[in-house]
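Contents: one structure, followed by commentary.
The values are calculated or read from the model by the stated rules, or taken from the named source; none is laboratory data. Computed from a prediction, not measured in an experiment: that's the story for all the values here. FYI the Cβ positions are ideal-geometry reconstructions off the backbone, even for glycines, and counts take in every protein chain you see.
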Amino acid sequence: MSVVWFFVLGGLGSFFPFYSLYLRDNLSLTGTQVGLVLSVLPLVGILAQPLWGQIADVTGWRTRVLSVLALGAAGGYAALFLGGGFASMLLLTALLAVFSTPLIPSLVAVTLALTSAGGARAFGLVRVWGTVGFLITVVAFPRLLDGLRGAAHVASASGDVSEPLLGFMFPVTAALVAVSGVVAATLPWTGALSLRAPRGDWRQLFEHMPYVRLLAFALLAYLLLQGPMALFPVYVRAHGGSVETVSGLWIPMLLVEIPLVALSGASLERLGARGLLGIGVFAGGLRWAVCGFLPDSPLVYPVQALHGVVVAGLVLGGPLYVEAAVPERLRSTGQNVLAMVGVSLGGISSNVSSGYLLERFGTDAPYQVAGIGGMALGVLVWILLPRPSRPVANRDSLG
């Protein structure tokens, strides 16, 4: 599982930090068009995530589904290399999303099943290898582009394009994610990984109030924080940065994230899932507030370290809350529905609204709104979320 995490997030390290910059610089899309293309991923995820989650839970073929998703996502990343404008990138990004959006929540579900004996501590120690892979590729990818430019005798910048060869992110990402799909195919599919849920059992998730309230909290959190993250390369570029600057800003994010993710299990024991979520969202708001209100301050660089707190708090706290609130047979569905509501529904609204704010009020506006809202939501977590638990009467049922 550590190898799968390494190559999945390693692939994202050469894609996620640079995709919006590619759309804006290399394809010359408007702010609204960039927001719409980025929103296609979560839009398709609304259908793809619960669908693949149910396929995994009903069939019990969780590791096989994981392998199919990784290989399908690899094909989707490779296909993006063929896009050349708004319409084609919209379509190709939608095809990618069919496989890529359920990939991470399905990976979380499989990891939690495999590490169930070791609890949250074991989960964190496996998950951290994904962050290590992301760090390696986000640092190495710009250097790979330097080598390609030298071999092809291409200038480092051309007019308004900061990196003419940035499109090579697509085959690089595809190759890395494909490796994860091959490795996932070798994972076992017995024990907790093969538990089957009766058809229609997923409806019981929405009768369990702690889970429902978590979905509402996740929706608000991603609505505030997701769009500014996706547009971060555009923010850096607008303030005089380059691809190398984007890469450099990711280094403090990930160096802090590695120990926090590895120790997320210990943090869960001390703070609880609600504490992790509250701290994560507040940290995200504080980070964007500094970026939005103090864009020329020397604080912008070190404050990126709060990204690690966001991942350990929100991105891991949510799935760990789900693990404590749903039965094992609905583990994949529970994680995918959380991703659907938070990353997808919240992400759609956030990407579109952030793109609009960018175009209407300037580069700093999305970060100002996210900063104020994120800090407020983080403070309110104790009011909005109950302690996660399964029903006492039957701990393997949500009834």
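Before moving on, here are some points about what is shown:
- Counting residues in the stretch 73-96 that are under 22 Å from Trp189 (Cβ atoms) and among the hydrophobic types (A, V, I, L, M, F, W, C) gives one or more.
- Filtering the stretch 103-142 to residues that are among the polar types (S, T, N, Q) and more than 25 Å from Leu51 (Cβ to Cβ) leaves Thr115, Thr131, Thr137.
- Exactly one residue out of Ser332, Ser353 is among the polar types (S, T, N, Q), more than 14 Å from the chain's Cα centre (by Cα) and surrounded by 23 or more Cβ atoms within 10 Å (Cβ to Cβ): that is Ser332.
- In the stretch 329-336 there is no residue matching the filter, namely being touching a Phe, Trp or Tyr at 6+ places or on another chain (Cβ under 6 Å) and among the small types (Gly, Ala, Ser).
- For the stretch 377-388, residues that are assigned to a helix (DSSP H, G or I) and either over 22 Å from the mean Cα position of the chain (by Cα) or among the acidic types (Asp, Glu) (or both) total 4.
- Meets criteria (surrounded by 23 or more Cβ atoms within 10 Å (Cβ to Cβ) and either without any contact (Cβ under 8 Å) to a residue 24 or more places away in the chain or not basic (Lys, Arg) (or both)) for Gly31: no
- Scanning the stretch 37-77 for residues that are among the aromatic types (Phe, Trp, Tyr) and assigned to a helix (DSSP H, G or I) gives Trp52, Tyr77.
- From the list His208, His239, the one residue that fits, being touching a residue at least 60 places away in the same chain (Cβ under 8 Å), touching an Asp or Glu at 6+ places or on another chain (Cβ under 9 Å) and surrounded by fewer than 23 Cβ atoms within 10 Å (Cβ to Cβ), is His239.
- Taking the stretch 217-334 and the helices (runs of 4 or more DSSP H) fully enclosed by it, the elements with 3 or more residues that are modelled with pLDDT of 90 or more and aromatic (Phe, Trp, Tyr) are at 264-293.
- Within the stretch 164-194, the set of residues being in a loop (DSSP other than H, G, I, E, B), over 25 Å from the mean Cα position of the chain (by Cα) and over 30 Å from Arg143 (Cα atoms) comprises Pro188, Trp189, Thr190.
- Selected residue [within 30 Å of Arg199 (Cβ to Cβ), surrounded by fewer than 21 Cβ atoms within 10 Å (Cβ to Cβ) and of a type outside the set (Lys, Arg)] from Ser389, Ser344: Ser389
- Note on the stretch 356-368: residues that are part of a helix (DSSP H, G or I) and surrounded by fewer than 22 Cβ atoms within 10 Å (Cβ to Cβ) amount to 6.
- Test: residue in the stretch 195-215 that is part of a helix (DSSP H, G or I) and under 18 Å from the mean Cα position of the chain (by Cα): yes
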